[in-house]
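Notes to accompany the following structure.
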Amino acid sequence: MKKFLQKFRKGESGATAIEYGLIAALIAVVLITSLGRLGNNMSNRFNTVGTSIGSR
């Protein structure tokens, strides 16, 4: 049991997993924000094109 606790205390695999989780969360936030803005821009663009086609 003593060896297990020493190994557990010295191990960094848990910290590495947490770091990877934080990086993945940051990437997800950036993607959601970017895709949201892109979606709004595309919607505005299609509305502009649709309006110009409809007025002809």
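No lab work stands behind these numbers, since they all come straight from the coordinates. In this text the structure is predicted, and so the values were computed from the model without any measurement.
Sequence-ordered 3J(HN,Hα) estimates for region 23-33 from the Karplus curve with 6.51, -1.76 and 1.60 and θ = phi - 60° stand at 5, 5, 5, 5, 4, 4, 5, 5, 5, 4, 5 Hz, glycine and proline given as x. The stretch between LYS3 and ASN41 holds 7.8 nm of extra length on full extension. This uses 0.36 nm per residue minus the Cα-Cα distance.
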